[in-house]
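Encoded as structure tokens, the structure appears first; notes follow it.
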Amino acid sequence: MRVLMYLCHVFSPHAFVATFGFILGVYMPSIEQLEKLLSLDPLDPFLLYGLAQEHAKAGNTSKAVDLYDQCLAADPAYCYAYYHKAKAFLAAQNPELAIQTIQAGIVAARTHRDHKALGELEALADEI
């Protein structure tokens, strides 16, 4: 119970519900549901990232990239947004922008000491 109370405190209520739904595999919000949650907290980086992921899965690359940018503006330490933004550029056959995004992500990951994201961004750069 203490863990749940702590997590409610750390996350916004909307992100908390979405996070534990994703973890448990019970709650897979649609784009419309995420947009409703985002209307309640438009600067929630978790919701922006989740909505970007859904748009990327749906093939809406330009919308996904815009949402990744909004996520990074809300939280520059959200380093996986760089990774997935680069993947979206690669899916859209735009390796130049993917490389620029990866380079910016590597700088951010080093700045914020996100070693896991750093390793994944470097691996992605090696694949290109």
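The values are calculated or read from the model by the stated rules, or taken from the named source; none is laboratory data. Note that this is a predicted model, so its numbers are computed, not measured. Using ideal geometry, Cβ is built from the backbone for each residue, glycine included, and neighbour counts are taken over all protein chains shown.
The single condition among (1) of a type in the set (Gly, Ala, Ser); (2) modelled with pLDDT of 95 or more; (3) out of contact with any helix residue (DSSP H, G or I) (no Cβ under 6 Å at 6 or more places or on another chain) that residue 81 does not satisfy is (3).
In the set (1) surrounded by fewer than 21 Cβ atoms within 10 Å (Cβ to Cβ); (2) of a type outside the set (Val, Ile, Thr); (3) under 22 Å from residue 33 (Cβ atoms), residue 97 fails one condition alone, (3).
Among the residues here, residue 108 qualifies as small (Gly, Ala, Ser), part of a helix (DSSP H, G or I) and either touching a Cys at 6+ places or on another chain (Cβ under 7 Å) or crowded, with 16+ Cβ neighbours inside 10 Å (or both).
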